[in-house]
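Please treat every number below as a calculation from the coordinates, not as lab data. Since the structure is predicted, the reported quantities are computational estimates derived from the model, not experimental observations. Quick reminder, even Gly has a Cβ in these numbers, built from the backbone with ideal geometry, and neighbours come from all protein chains shown.
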């Protein structure tokens, strides 16, 4: 059997169009993300190169189309798009975006003493980005904390438009629900799911109000550290009655530091009736107004910054029972779209792994108030030349009108992360066999020649220089195919 290259086989030094891969950065359901740089300009800023796992995946053209239309401080800039030919029959689309040095929202909140004011500013920025997206009749459809990155200056960036769509766009899947995360689904989406779970032709059509509801769930979890209960109850009257589902308590009831105004804004986003939800523009303006109006108490941390080994909380927010009985919970789908037990166990396992990983990366002596450096690369000027992006490179003039970012307070001190004393899970062991690679503490590390300490997120300091991890090549998938 002939070995056919795949996106999973790409490693530092490989070329994808005009871009040279520098390291692996992450993976989603349909794409692999790499840190890369223009091969012809070694001193150029790093970029995020996202490549389709499956050949010919149409999601990537859709994501590029949305990013082409958006120019906003809280949306990554699209720099290039093209195709990588693994073989004559395996052509993988890719897109290239601005590299964001940031932490996922909930992880940022765990490692920083986030105040109500800072949380409000994050909500305002993301809501403003959603407002522009909805203005062009687009939808994100997977709005959640994992798809928001926050940098050291408090700039929030909404990422991963791979599930996005726009008015009139042809569907890419025939599933009942769009590709999103169940915990963030709106009441009307849940009711549709429970009503039509066994109807083959049924297909839920999300609206802008679904994005707003998901932003409300995100804000609720940010300030309480727990998900709100589902926003609706099953309506299949043929099912037997059981214990009533929980009723949501306002965010302020879980954390008094949230304050009544911020809590009320979150409740508006989580309104049962989509017509009663605030629009993204209203959310952005109200969040900024509340942030300006609040006194000194708004600068107090919502929580104590987590230390490695802290207790892990799993499951939905505490709630009170509803006043009346309702039918039983939703039936299971053949497609396993709601494997509740597996999801709960997976969430707990993920949380435990995060704690374990924090202990492995930072060690037991990490100072309690330390923060990770998440520095942003310099912004391109409006009058600058178009990026040298290879196949179908995109100039700045192709993007939509600019929306000015809100003025953000500088966060507290930041420190870089010291190199761990032993190889990380999945890290490549010697021989390293790459230019710029170095064996340190038994593992392979790639020297970032253009970066000086303090180093960025997912970068490590060693003897006055910054390094990124070199991972073993992941095994390529052999039988999976994309859902169409």
Next item on the list: Residues in segment 46-85, backbone N under 15 Å from the label point at residue 14 (7 Å along the Cα-to-beta-carbon vector): list them, ranges by number please.
Entry: 49-55, 83-85
Notebook entry, point to check: For q = 0.11, 0.17, 0.21 Å⁻¹, what log10 I(q)/I(0) does segment 17-164 give under the Debye formula with an equal point scatterer on each alpha carbon and no solvent?
Noted result: -0.44, -0.99, -1.37
Next item on the list: Multiply the residue gap between residue 87 and residue 292 by 0.36 nm, knock off their C-alpha separation, and tell me the result in nm, one decimal place.
Entry: 68.2 nm
Notebook entry, point to check: Looking at segment 38-122 from every direction and averaging, what is the projected area of its Cα convex hull in nm²?
Noted result: 8.0 nm²
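Quote the FRET efficiency, to the nearest 0.05, computed for residue 166 versus residue 201 with a Förster distance R0 of 30 Å and r equal to the Cβ-Cβ distance.
For R0 = 30 Å, the calculated efficiency reads 0.85.
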Notebook entry, point to check: How high is the FRET efficiency from residue 39 to residue 175, r the C-beta distance, R0 45 Å, rounded to 0.05?
Noted result: 0.70
